[in-house]
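The next block holds one structure in the form of structure tokens; read it before the comments.
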Amino acid sequence: MYSPVPSFVRIAAVCSKEMIHLVHDRLTFGMVVMIPLFQLILFGYTINTDVRNVPAAVADNLNNSFSRQLTMDLQATQVVDFVQVVDTPQQLEALIQQGSVSAGLYIPRDAEERYYTGDRSIAQLLVDGSDTTLGGAVRQLSRFPFLPGGTISNSERVDQISVRLLYNPERRSALFTVPGLLGVILTMTMIMFTSIAIVRERERGNMELLITTPVRNLELMVGKITPYVGIGLVQVSVILFLGVALFDIPVMGNIFPVYTVCLVFILANLTLGLMISTLVRNQLAAMQMSFFILLPSILLSGFMFPFVAMPKIAQYIAEILPLTHFLRVIRGVMLRGEPLTGLVGDLSYLLVFSLVFLVISTLRFSKRLE
Amino acid sequence: MNPVIEVRGLTKRFGSFTAVDQVDMTIPKQQVYGFLGPNGSGKTTAIRMMCGLLTPTAGQIEVLGMRIPEQTEQIRRQVGYMTQKFSMYGDLTVLQNMQFMARIMGVYGRGMGRRISELLVRFKLDSFASRAAGSLSGGQKRRLALAAAVIHEPKLLLLDEPTSEVDPNTRREFWDELFLMCEAGATILVTTHLMDEAERCHHLAILNEGKKVADGSPQELKTDLAAEIFQINGPDISTIRDHLHSMVEVLATARSGISLRVILRNDGLRAPGWLEMTLQAYDAEITRVAPSIEDVFVMATQNNIDKVVG
């Protein structure tokens with residue numbers, strides 16, 4: 001009989017076996033790079049909450065220099081783009097209903113009189129409210145300061161409260177989206193990879209042999225997730241590189257805190273995936289469970305909608321999800337250059353989360369076939 | 001000398017189905033002990049309980065002096081298990097599979113490389129060392145699984161149908177290898193449903209529908225068979241078979257080529273005379289033959305007969 005060997009020998013054995021699987025599994029290996037690439041390009045370029053160039057039509061019943069200047073000034077905001085000219089407000093409504101334009105400007109015959117009388121609004125903007133983001137942006141035009149004649153008067157109309165945007169003065173969505181995407185991509189891939197890790201051994205019939213060996217549960221778990229920590233960090237690098245190259249994302253301060261935060265977050269997701277793997281019976285169920293976690297993560301974490309605007313109950317649920325904590329931390333670290341010391345709370349939550357799920361998986365995994 | 005495996009009242013139920021029912025068994029050291037039984041007779045379930053993969057519903061198991069399931073982890077270093085289905089990693093090479101198993105089983109350090117290459121040569125796998133295990137032939141896969149199962153020189157080998165899907169020559173080599181290991185001190189429990197393999201074992205236990213229905217060395221089992229075997233040659237075998245089939249004295253009939261093998265009840269000691277009388281009308285040549293393990297097996301696993309042998 002051979003004498004017992006230290007634990008790390010078995011962990012290293014499982015770990016190197018996993019890496020061989022990974023290299024052989026082209027699909028998984030491709031996903032490591034392709035998922036970040038596709039998601040970053042799709043989300044980065046398409047998710048754009050700065051509404052620009054909304055197609056609009058105008059029905060100008062006044063048709064003089066006053067009305068033309070109003071139209072031109074609105075066009076100059078770049079929010080709306082007047083692509084069609086019609087005669088009546090009814091035609092405007094019809095166009096919006098057809099969907100060929102999303103907004104319509106109606107300037108009545110007495111618009112100029114209304115302006116100087118000052119008791120009624122001078123024109124009407126019809127907005128397609130079925131898209132709330134778009135509707136909200138066009139609605140802001142109601143406060144548009146219009147001065148006929150184009151002169152700028154030192155009018156009394158100074159904003160009561162001035163707003164200054166910190167950290168993202170140009171209001172670029174990509175700046176907000178990319179750190180979020182970092183979290184979403186890691187959630188998606190890390191949970192997916194490990195959720196199939198154990199169930200795959202079961203499906204391929206390797207489990208029956210593996211559980212008759214002296215490998216301990218914890219050794220198996222640690223050996224299985226270790227290679228994916230490396231994979232996760234590779235993904236982080238890919239995303240950061242693309243973020244800087246394509247969207248000019250500023251990585252404030254040191255790169256070290258960013259990787260530290262990502263590492264902790266990767267661990268949390270890997271152990272969550274591992275737990276899923278001990279719950280399900282086949283790879284399909286593992287995938288379904290992963291999506292069951294992914295969807296609330298995307299919707300509730302603050303990636304899609306501002307966290308503070310959500311109802312309390314949704315906020316409580318969101319607090320459980322690792323992504324919520326990660327987003328809070330990564331935006332601070334990446335965009336505001338916040339030091340890690342200010343983020344201890346969220347970081348410790350992620351660490352505790354990882355530990356708890358590692359323990360649950362280890363306890364749940366039974367070296368029996370039943 | 002303490003037995004290697006000692007099993008008392010071993011029972012496993014899956015819901016209302018009883019897979020293994022009150023099995024007692026004692027396996028002494030350095031024996032090749034065969035588990036013979038038809039498909040679904042509970043062989044795999046029994047062997048899985050003995051290596052701690054399944055928890056028994058009732059009964060005691062003691063392996064190498066340690067109790068299962070309580071001390072399962074301790075005995076894992078001393079037991080080698082070969083699963084019925086190929087359970088090595090198909091995308092890893094032969095060498096990588098061996099290295100993985102070696103490290104997991106505690107064969108580590110300078111000895112590992114030597115042990116692996118020795119086993120690869122012994123099981124004729126050295127020329128396939130860098131082939132993916134999944135692309136090996138059936139026989140090669142079996143040899144790899146056996147090589148991996150013995151990598152840590154276990155005292156007890158549990159082999160679950162090790163020679164299914166293997167050609168007769170490979171099977172013979174495989175069994176030669178088992179006897180070599182047995183002579184070197186290992187105890188081997190092997191399940192099979194092949195008669196020629198059963199014949200080779202030192203000791204046989206026959207399982208049927210979860211119950212042990214026979215137990216003994218192949219020679220004992222054949223000698224103690226409570227039946228007499230006749231071989232009938234004649235022009236009208238099919239009619240003779242139909243004729244005999246309905247009679248209570250006839251326990252079983254089996255055709256092989258142009259002859260008919262008949263197993264007769266031997267309670268009244270009138271078997272040869274009775275058979276000649278019964279077959280008077282036919283032009284049949286009746287020869288009495290020695291029982292084979294197949295006869296033992298047929299008798300033991302016929303459900304309408306209570307314990308015939310034993």
Exercise. Of all residues in the range B:18-57, how many are within 14 Å of chain A (Cβ to nearest Cβ), of a type outside the set (A, V, I, L, M) and outside any loop (DSSP other than H, G, I, E, B)?
Worked result: 3
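Tell me, yes or no, whether the range B:183-198 has at least one residue that is touching a Phe, Trp or Tyr at 6+ places or on another chain (Cβ under 6 Å) and modelled with pLDDT of 90 or more. Spell out the reasoning first.
First, the residues of the range B:183-198 that are touching a Phe, Trp or Tyr at 6+ places or on another chain (Cβ under 6 Å): B:189, B:191.
Subset that is modelled with pLDDT of 90 or more: B:189, B:191.
Yes - at least one qualifying residue is present in the range B:183-198.
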For this session: Sort out for me the helices (runs of 4 or more DSSP H) sitting completely within the range A:285-370 that have 1 or more residues that are aromatic (Phe, Trp, Tyr), in the same structural domain as A:Phe193 (by TED's automatic domain parsing) and more than 21 Å from the chain's Cα centre (by Cα).
Result: A:344-364
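Here's the yes/no breakdown for (1) small (Gly, Ala, Ser); (2) touching a residue at least 12 places away in the same chain (Cβ under 8 Å):
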position	(1), (2)
A:Asp60	no, yes
A:Asn64	no, yes
A:Ser67	yes, yes
A:Met72	no, no
A:Ala76	yes, no
A:Val80	no, yes
A:Gln84	no, yes
A:Thr88	no, yes
A:Gln97	no, no
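Tell me, which helices (runs of 4 or more DSSP H) wholly within the range B:167-268 include 2 or more residues that are over 26 Å from the mean Cα position of the chain (by Cα)?
Because the criterion is at least 2 residues that are over 26 Å from the mean Cα position of the chain (by Cα), the helices (runs of 4 or more DSSP H) in the range B:167-268 that meet it are B:237-245.
Restricted to the range A:312-370, and to residues that are within 30 Å of A:Pro250 (Cβ to Cβ) and polar (S, T, N, Q), which residue is farthest from the other protein chains (Cβ to nearest Cβ)?
Step one: of the range A:312-370, the residues within 30 Å of A:Pro250 (Cβ to Cβ) are A:315, A:318-319, A:321-351, A:353-354.
Next, only the ones that are polar (S, T, N, Q) stay: A:315, A:324, A:341, A:348, A:354.
Values: A:Gln315: 44, A:Thr324: 37, A:Thr341: 41, A:Ser348: 34, A:Ser354: 25 Å.
Once the filter is applied, the top-ranked residue is A:Gln315.
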Exercise. Can you name every residue in the range B:85-104 that is in a helix (DSSP H, G or I) and at the interface with another protein chain (Cβ under 7 Å from one of its Cβ atoms)?
Worked result: B:Gln96, B:Phe100, B:Arg103, B:Ile104
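Kindly provide the set of residues from the range A:192-218 that are facing chain B (nearest Cβ under 10 Å) and closer than 16 Å to B:Arg77 by Cα, ordered by number.
Within the range A:192-218, the subset facing chain B (nearest Cβ under 10 Å) is A:201, A:204-216.
Scanning the range A:192-218 gives A:Glu208, A:Leu209, A:Leu210, A:Ile211, A:Thr212, A:Thr213, A:Pro214, A:Val215, A:Arg216.
Suppose we filter the range A:1-29 for residues that are among the charged types (D, E, K, R) and at the interface with another protein chain (Cβ under 9 Å from one of its Cβ atoms); how many remain?
As a first pass, look at the range A:1-29 and keep what is among the charged types (D, E, K, R): A:10, A:17-18, A:25-26.
So of that shortlist, the ones also at the interface with another protein chain (Cβ under 9 Å from one of its Cβ atoms) come out as A:10, A:17, A:25.
Residues in the range A:1-29 being among the charged types (D, E, K, R) and at the interface with another protein chain (Cβ under 9 Å from one of its Cβ atoms): 3 in total.
Within the range A:1-99, considering only helices (runs of 4 or more DSSP H) that don't extend past its boundaries, which have at least 1 residues that are modelled with pLDDT of 85 or more and not assigned by TED's automatic domain parsing to the domain that holds A:Gly136? Write out each step before concluding.
Values: elements: A:7-24, A:26-46, A:65-76, A:89-98.
By residue number, A:7-24, A:26-46.
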For this session: Spot the failing condition for A:Arg281; the list is (1) under 25 Å from A:Thr177 (Cα atoms); (2) not in a helix (DSSP H, G or I); (3) not small (Gly, Ala, Ser), and only one is missed.
Result: (1)
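Yes or no, residue by residue, for (1) within 13 Å of chain A (Cβ to nearest Cβ); (2) polar (S, T, N, Q); (3) on the phi > 0 side of the Ramachandran plot:
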residue	(1), (2), (3)
B:Leu119	no, no, no
B:Ser130	yes, yes, no
B:His152	yes, no, no
B:Glu199	no, no, no
B:His203	no, no, no
Seminar exercise, completed: Of the conditions (1) more than 16 Å from the chain's Cα centre (by Cα); (2) surrounded by fewer than 20 Cβ atoms within 10 Å (Cβ to Cβ); (3) assigned to a loop (DSSP other than H, G, I, E, B), the single one that B:Gln74 does not satisfy is (3)
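Checking the conditions here, which among A:Tyr259, A:Tyr228 is among the hydroxyl-bearing types (Ser, Thr, Tyr) and either in contact with a His (Cβ under 7 Å, 6 or more places away or on another chain) or within 30 Å of B:Gly106 (Cα to Cα) (or both)?
Numbers: A:Tyr259 fails: either in contact with a His (Cβ under 7 Å, 6 or more places away or on another chain) or within 30 Å of B:Gly106 (Cα to Cα) (or both).
Going through A:Tyr259, A:Tyr228 in turn, just one is among the hydroxyl-bearing types (Ser, Thr, Tyr) and either in contact with a His (Cβ under 7 Å, 6 or more places away or on another chain) or within 30 Å of B:Gly106 (Cα to Cα) (or both): A:Tyr228.
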Problem set entry | Test result for A:Phe38, more than 25 Å from B:Ile151 (Cα to Cα), aromatic (Phe, Trp, Tyr), in contact with a helix residue (DSSP H, G or I) (Cβ under 6 Å, 6 or more places away or on another chain) and more than 10 Å from chain B (Cβ to nearest Cβ) | no
Problem set entry | Lone unmet requirement of (1) within 14 Å of chain B (Cβ to nearest Cβ); (2) more than 30 Å from A:Met221 (Cβ to Cβ) for A:Val85 | (1)
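The values are calculated or read from the model by the stated rules, or taken from the named source; none is laboratory data. This structure is a prediction, so every number in the text was calculated from the model and none was measured. Please note: Cβ atoms are built from the backbone with ideal geometry, for glycine as well, and neighbour counts cover all protein chains shown.
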